[in-house]
Amino acid sequence: MDNVNQITRREATRLIGASAAGLLLPVRASQAQTKTESSTMLTRAIPSSGEKLPVIGLGTWRTFDVDLTSDNRRQLGDVLSLFMKLGGRVIDTSPMYGRAEEVIGDLTATLGIRDKFATANPSGGGPFLATKVWTRGQENGIRSMERSMVRLRTKQIDLMQVHNLVDVHTHLATLRQWKDTGRIRYIGVTHYESGAFGEMEKIMRSEKLDFVQINYSIMEREAEERVLPLAQERGIAVIVNRPFGGGDLFNHVRSKSLPEWSAEFDCRSWAQFFLKWIVANPAVTCAIPATDKARHLEDNMQGGIGRLPDEKMRQRMVESLRSP
C-alpha cells in the first residue's frame, strides 16, 4: 500500500547506484544456482494449493487511481508490461482504491497483458488478480464483488479478500459460496494496521482462510509476534502491504549510505534492502509495493531476485537502521 515519494526514492537511488541482480538462492539454500537461473524471481507456494507465486507483486493504492489520459495510459502500461516481463504476477487492488480496479481492467485488456502473462508465465496461467470487498451487509457485498469483476473485466477473481475485516464473517460466508462455484479461487482477509492483529488472529483460528494480508516491514515488525507464526501453523499464505512503511523508510535512510555488506545478499538499493528483509521470512508469500514508475518497479522486482539474508543478517539489517 506504499506510494513512495518520488524525490526521496530518487535520492536513495543516487546514493546506492543502479540495481543489479545476483544468484537466486532459496531462503535456506547454500548451493549457487545455474547461470540461467540467476535472474529468476524467487517463488513461494500457497499452502492451501501448492500453487507458486513470485515473492514480489504490485500494489495499486493511489498509484493506479487516475484518469486514463494518454500520458497516464502509457506510463502505467509500461509499468504493467515491465512487471510481466520481470516475472511478476500478483496485482492487488480494491474498490476502496478509487479507479484502480477499472484502470487495471482496462490496461490488462487493451494491452493484451493477460495473454502476455500467460506466455511469460506458462505454469502460472496469467496474472493473479487480487481485490477486496469493503462494505457491510451480504447483498451490498455481492454487488460490490460483481462490480469488481466488471471493472477488472474478468469472470473469475484469483483472490477475494475482506478488506480491513469489515463485516468479515458475513462476507466470508459469501466468499466460500463463490469459491465453491468457481467465481473466485482463493479467499482471505486484510488489514494495514497492527492494532487489528488481535482480531486478525481470532479469525485465522476460527475460519478456514487461504490468505491474510497484513502490514509488515523492517520498522513495523509486530506481525512477527503471533500473526506470521500462526499463518505458518495454519497453512495460510501471507501478502505483505506497507513494505516501505508508507514511504517512511526512505525518509529514515535519506542521509544514510547503503551498507557495503548488503552485497552479500545481492542488494543494490534501499528498496531491495527493505524488500529482501521481508521476503527472507519464510512465512511471507508475497510483498506488494505500489508504484506508478517503471524505474521504481524494476528496482522493486530485484528485491525478489538473488540471495536473501539469513536470520543473523536480518538482525544486522535491523540494527543498522538504529545507528545514527
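The values are calculated or read from the model by the stated rules, or taken from the named source; none is laboratory data. None of the values given here were measured: they were computed from a predicted structure. As a convention, Cβ positions derive from the backbone with ideal geometry for all residues, glycine included, and neighbour counts pool all protein chains shown. All accessible areas refer to the heavy atoms of the entire protein, side chains included, with ligands and DNA or RNA removed. Shrake-Rupley method; radii C 1.70, N 1.55, O 1.52, S 1.80 Å.
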Quiz prompt | Added length on full extension, which subtracts the Cα-Cα distance from 0.36 nm per residue, E311 to R74 | solution = 81.2 nm
Quiz item: D248 versus I142, label points 7 Å from Cα toward the beta carbon: distance in nm?
Solution: 4.1
Self-check item: Sequence-separation-based contact order of the range 180-324, relative, with Cα cut under 8 Å and 6+ spacing, percent
Solution: 21
Exercise. Could you work out how far apart the two model spin labels at K85 and S39 are, taking each label as a point 7 Å from the Cα in the direction of the beta carbon, and quote it in nm?
Key: 1.0
Self-check item: Added length on full extension, which subtracts the Cα-Cα distance from 0.36 nm per residue, E319 to S206
Solution: 37.0 nm
Practice problem: Report the label-to-label distance for R295 and S255 in nanometres (one decimal), using points 7 Å from each Cα along the Cα→Cβ vector. | Solution: 2.5
Practice problem: Quick one: grab the alpha carbon gyration tensor of the range 240-291, order the square roots of its eigenvalues as a ≥ b ≥ c, and give me rounded if a/c is under 1.5, else prolate or oblate depending on whether a/b is larger than b/c. | Solution: oblate
Practice problem: Return the long-range amide H neighbours of S48 (sequence gap of 5 or more, or a different chain), with a cut-off of under 5 Å between placed amide H atoms. | Solution: A237
Exercise. Return the carbon/sulfur percentage of the accessible area of the range 80-196, one whole number, probe 1.4 Å, all protein chains in place.
Key: 48
Practice problem: Using the Karplus curve 6.51 cos²θ - 1.76 cosθ + 1.60 with θ = phi - 60°, work out ³J(HN,Hα) for each residue of the range 49-58 in order, rounded to whole Hz, and write x for Gly and Pro. | Solution: 9, x, 4, 9, 10, x, 6, 10, x, 9
Practice problem: Once you have the Kirkwood Rh of the range 179-324 from its Cα pairs, apply Stokes-Einstein at 10 °C and 1.306 mPa s and quote D in µm²/s. | Solution: 98
Exercise. Could you give log10 I(q)/I(0) at q = 0.14, 0.15, 0.20 Å⁻¹ for the range 123-252, computed by the Debye formula over C-alpha point scatterers of equal weight, without solvent?
Key: -0.64, -0.72, -1.15
Exercise. Over the range 131-251, average the accessible area per residue using a 1.4 Å probe and give it in Å², no decimals.
Key: 42
Practice problem: Give the carbon-plus-sulfur fraction of the accessible surface of the range 269-314 in %, rounded to a whole number; probe 1.4 Å, heavy atoms of protein chains only. | Solution: 44
Quiz item: So which trypsin sites (Lys or Arg not before Pro) in the range 188-281 pass both tests, a DSSP loop state and at most 15 other Cβ atoms within 10 Å of the Cβ?
Solution: K208, R221, R226, R254, K256
